[in-house]
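**Student:** Let me give you the structure first, and then I'll get to my questions.
The values are calculated or read from the model by the stated rules, or taken from the named source; none is laboratory data. Nothing here was measured: the structure is a model prediction, and the numbers come from that model. Methodologically, a virtual Cβ is constructed for each residue, glycine included, from the backbone with ideal geometry; neighbour enumeration extends over all protein chains shown. These area figures cover heavy atoms from the full protein model, side chains too; ligands, DNA and RNA do not enter into them. Shrake-Rupley method; radii C 1.70, N 1.55, O 1.52, S 1.80 Å.
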Amino acid sequence: QVQLVESGGGLVQAGGSLRLSCAASGSILSIGVMGWYRQAPGKQRELVAFISSGGSTNYADSVKGRFTISRDNAKNTVYLQMNSLKPEDTAVYYCNVAATSVLTLGFGSYWGQGTQVTVSS
């Protein structure tokens, strides 16, 4: 009932910027927290940032000051603006959304398909 489509990944040089987008669609009744995770080869998936329905944000220490998470509730979309990218930011980035649909009893957790971000030295 809820689908997430990510876009915006790609190749970029160190110091460059990318903007990731994740749009939710389907039979959505409400959306709660929205967030971004990333997973590099051989590493665990880690939380990058999340934003509450009220707009409160939190960031991993490794990206604080460089990344900005935002959301457009009218478009059911969450964004991740990534500036001053470093090679260690290279990973597959996944969006995650807590949402209710017409067929769920409560909030469910939904994942995007992932988008590759590669930062070259």
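**Student:** How large is the charge dipole for segment 55-103, taken about the Cα centre, if only the Cβ atoms of Lys, Arg (+1) and Asp, Glu (-1) carry charge, to the nearest 20 debye?
**Tutor:** Magnitude of the dipole: close to 120 debye.
**Student:** Based on the mean of other beta carbon atoms within 10 Å per residue, what is the order of 7-17, 77-87, most packed first? Mind showing how you got there, number by number?
**Tutor:** Numbers: 7-17: 13.3, 77-87: 19.1.
Result, highest mean first: 77-87, 7-17.
**Student:** Taking 20 °C and 1.002 mPa s as the conditions, I'd like the Stokes-Einstein D for segment 1-108 in µm²/s, using the Kirkwood hydrodynamic radius from alpha carbon pairs.
**Tutor:** On the way: Rh = 14.4 Å.
The Stokes-Einstein estimate is 149 µm²/s.
**Student:** List every residue whose amide H lies under 5 Å from the amide H of G16, counting only residues 5 or more places away in sequence or on a different chain, with H placed 1.01 Å from N in the peptide plane.
**Tutor:** L85
**Student:** With a cut-off of 8 Å between alpha carbons and a minimum separation of six or more residues, what is the relative contact order of the chain in percent?
**Tutor:** Values: 303 pairs, mean separation 44.3, N = 121.
It rounds to 37 percent for the chain.
**Student:** Ignoring any ligand, DNA or RNA, what whole percent of the accessible area of the chain comes from carbon and sulfur when the probe is 1.4 angstrom? Walk me through the numbers before you get to the answer.
**Tutor:** Values: 3120 of 6170 Å².
Answer for the chain is 51 percent, counting heavy atoms of protein chains only.
**Student:** Taking only the alpha-carbon atoms of segment 75-121, what semi-axes of the equivalent ellipsoid follow from 5 times the gyration tensor eigenvalues under a square root, in whole Å, largest first?
**Tutor:** Details: eigenvalues 182, 23, 10 Å².
They are 30, 11, 7 Å, listed largest first.
**Student:** From the phi angles alone, apply the Karplus equation (6.51, -1.76, 1.60; θ = phi - 60°) to segment 79-92 and give each ³J(HN,Hα) in whole Hz, x where the residue is Gly or Pro.
**Tutor:** Whole-Hz 3J(HN,Hα) from phi for segment 79-92: 10, 9, 8, 10, 10, 6, 5, 10, x, 5, 7, 4, 4, 8.
**Student:** When the Kirkwood radius is taken over all Cα pairs of segment 1-56, what Stokes-Einstein diffusion coefficient follows at 4 °C and 1.567 mPa s, in µm²/s? Could the numbers behind the result be given before it?
**Tutor:** On the way: Rh = 13.6 Å.
In µm²/s, the coefficient is 95.
**Student:** Kindly report the accessible area of segment 1-79 per residue (heavy atoms of protein chains, probe 1.4 Å, no ligands, DNA or RNA), in Å². Show your work: numbers first, answer last.
**Tutor:** Numbers: 4200 Å² over 79 residues.
I get 53 Å² per residue for this part.
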